[in-house]
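> Below: one structure in structure tokens.
FYI, it's all coordinate maths here, none of it is from the lab. Just so you know, these numbers come straight off a predicted model, no measurement behind them. Positions of Cβ are backbone-derived with ideal geometry, glycine not excepted, and every protein chain shown enters the neighbour counts.
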Amino acid sequence: MRFMDKLKRIQEAHNTLLCVGLDPELDFLPEGFERSHRGVLDFNRAVIDATSDLVCAYKLNFAFYEAMGADGFNLLQSTLELIPTGVVTIADAKRGDIPNTSRMYAKAIFEVLGFDSVTVNPYMGLDSMMPFFGYHEKGVWVLCRTSNSGGADIQLLEVDDTPLYQLVASMVTRDNYAADVGLVVGATAPDELEQVRRIAPKHPLLIPGIGAQGGDLVAAVGASRSGPVVINVSRSIIHGPVDGIRARAEKLWSEINALRAGYP
Ligand code: OMP
């Protein structure tokens, strides 16, 4: 099944745009969880059990796993095994290198770990992304306008009067690839989100930045009117008492769906 079909199917089945970010930190594990890789796996299990019917995807940011050393790699694998079939998995690894190296990154993430999709960094150009784009049935999320304030340092620079993030959006959405290609645009940049939608009205967007980063939920949900959207929330769901995880996720699920219900 193509990646976009899998995403569409789960978004419809769970009536949701919500993606929970599984970004576990030992220092933020709630009471009752051992501060070890075993404790992290138990915590990820608790998050998945509490939210799997509310989400379309889980995004695992590799930094949080790599910081645990060799255990972290095993944790990526054992966490993936906990995610119910049908729910989309996103490897947030922000990869990209010379083609020969990207090929190995893509192999590790798609074939060894078996993720459905990956985030990639476009800075090294189209050929650095092509090894990821070559996979049928996989998704690739290209960083376009990131949610951090420093994203403006480079992404808003103009080349022949066009900001770089818009050139990235045009570049990667111009052609069809074996994989389904989407863009990452932070909810903290609502104006640019609108511009990206103008350039790529039908392409999938991965939108982080809601909650802890103060992003604009109305703008994020608004982007779903023309094409698919996945809204990622990490800290403001997974941090805090473990028995509040479901309530925090449900609140966002409801807010997102209330906004969607308001559209004609
Ligand atoms: P919270 O701010 O805790 O919801 O986490 C946001 C998650 O999305 C982290 O895993 C970030 O690394 C990731 N992210 C951004 O915050 N901003 C971006 O522009 C891109 C990403 C990403 O690629 O997912």
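> Which FRET efficiency, nearest 0.05, do residue 38 and residue 8 yield, Cβ-Cβ r, R0 35 Å?
The calculated FRET efficiency here is 0.45.
> Sorting 180, 161 on the 10 Å Cβ count, fewest up front, what's the list?
Ranking 180, 161 by Cβ neighbours within 10 Å, fewest first, gives 161, 180.
> Count of lysine pairs in segment 3-261 with Cα atoms under 24 Å apart, counting only pairs 8 or more residues apart in sequence or on different chains?
Within segment 3-261, the lysine pair count is 20.
> How would you rank 117, 102, going from fewest to most other Cβ atoms within 10 Å of each one's own Cβ?
In order of increasing Cβ crowding within 10 Å: 102, 117.
> For a paramagnetic label modelled at 7 Å from the Cα of residue 259 toward its Cβ, which residues of segment 152-185 fall within the zone defined by backbone nitrogen distances under 18 Å?
183-185
> Please rank 248, 2, fewest neighbouring Cβ atoms within 10 Å first, as an exposure proxy.
Listed from fewest to most nearby Cβ atoms, that is 2, 248.
> Over the residues of segment 3-261, compute the C-alpha Rg and express it relative to 2.2 N^0.38 Å.
0.96
> Projected onto the charge dipole of segment 3-261 (+1 at Lys/Arg Cβ, -1 at Asp/Glu Cβ, origin at the Cα centre), which of 123, 62, 133 gives the Cα projection farthest towards the positive end?
Value computed over the given set: 133.
> Let me ask something else. Suppose we keep just the DSSP beta bridges with both residues in the chain; what percent of those would be antiparallel, to 5?
5
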